[in-house]
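Written out below as structure tokens is the structure these notes cover.
The values are calculated or read from the model by the stated rules, or taken from the named source; none is laboratory data. Worth saying up front: this structure is predicted, and the values here are computed from it rather than measured. As a convention, Cβ positions derive from the backbone with ideal geometry for all residues, glycine included, and neighbour counts pool all protein chains shown. These accessible areas exclude ligands, DNA and RNA; they are computed on the full protein's heavy atoms, side chains included. Shrake-Rupley method; radii C 1.70, N 1.55, O 1.52, S 1.80 Å.
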Amino acid sequence: AALEKHGLSQNTLVIFTNDNGGEWLSRNAPLFHRKGTLWEGGIRVPLIFRWPARLPAGKTSAQAAITMDLSASILAATGTSAPDTYRPDGIDLLPILRGATPPRERHLFWRVANPGRQQRAVRSGNWKLLIDGGSLLLYDLAKDPGERNDLAAGHPEIVRSLQRFLAEWEREIGR
């Protein structure tokens with residue numbers, strides 16, 4: 001209402017999202033688990049962009065995104081140049097949301113390292129490898145967003161590949 005009142009609604013980018021899944025009283029169905037975990041119920045949240053002058057209304061995107069994409073997208077939206085040494089963790093989502101470029105296949109990574117919970121995860125396309133404690137769990141999120149059917153035993157090559165991506169990411173962030 002304030003944007004409308006001041007004539008700013010058409011050319012203001014509004015982003016609605018959350019940093020994690022719901023608390024313990026939340027109902028995240030069909031996703032499993034909640035905030036503080038790397039299960040989909042802990043990391044998958046809504047992401048809504050509204051920018052009437054630049055983005056089509058009422059469209060959805062299959063692009064997998066992560067909070068770090070907001071930095072790259074906001075820099076692009078504002079026409080801000082980053083220093084040459086800046087290596088963004090995210091991508092600019094705006095061309096994808098405009099329909100100018102197709103969704104990108106990419107690897108997304110997470111890590112929880114609390115004394116009571118040790119989890120790591122990597123997503124590549126529809127595949128997600130979740131390491132929860134000592135368990136290696138593999139899910140096809142397109143077919144099983146609720147992470148109920150562990151496919152690790154049937155796809156050891158995918159597990160090994162995702163473990164390599166995760167190890168490489170951890171080495172990189174360690175630097």
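Quick look at the numbers
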{"read-out": "Residue-level accessible surface for Ser9, protein heavy atoms, 1.4 Å, Å²", "value": "10"}
{"read-out": "Rel. contact order, % - alpha carbon contacts under 8 angstrom, at least six apart, segment 53-153", "value": "17"}
{"read-out": "Helix axis angle, 69-78 relative to the chain longest principal axis, alpha carbon, degrees", "value": "20"}
{"read-out": "Anchor Lys35: lysines whose Cα lies under 30 Å away (excluding residues fewer than 8 positions away in-chain)", "value": "Lys59, Lys128, Lys143"}
{"read-out": "Share of carbon and sulfur in the accessible heavy-atom surface of the chain [1.4 Å probe, %]", "value": "52"}
{"read-out": "Area of Ser71 that stays accessible when all protein chains are in place (1.4 Å probe, Å², to 10)", "value": "60"}
{"read-out": "Relative contact order of the chain, pairs being alpha-carbon contacts under 8 Å that are 6 or more residues apart, as %", "value": "16"}
{"read-out": "Solvent-accessible area of Thr17 with every protein chain in place, 1.4 Å probe, in Å² to the nearest 10", "value": "60"}
{"read-out": "Cα-centred dipole magnitude for the chain, charges only on beta-carbon of K, R (+1) and D, E (-1), debye, nearest 20", "value": "200"}
{"read-out": "Mean-position separation - Cα centroids, segment 13-63 and segment 108-175, in angstrom", "value": "20"}
{"read-out": "Distant-in-sequence amide H partners of Gly36 (H built 1.01 Å from N, under 5 Å)", "value": "Gly21"}
{"read-out": "Accessible area expressed per residue, segment 5-151, with surrounding protein chains retained (probe 1.4 Å, Å²)", "value": "61"}
{"read-out": "Karplus-derived 3J(HN,Hα), 6.51/-1.76/1.60, for each residue of segment 121-129, Hz, glycine and proline x", "value": "8, 9, 10, 9, x, 8, 8, 9, 9"}
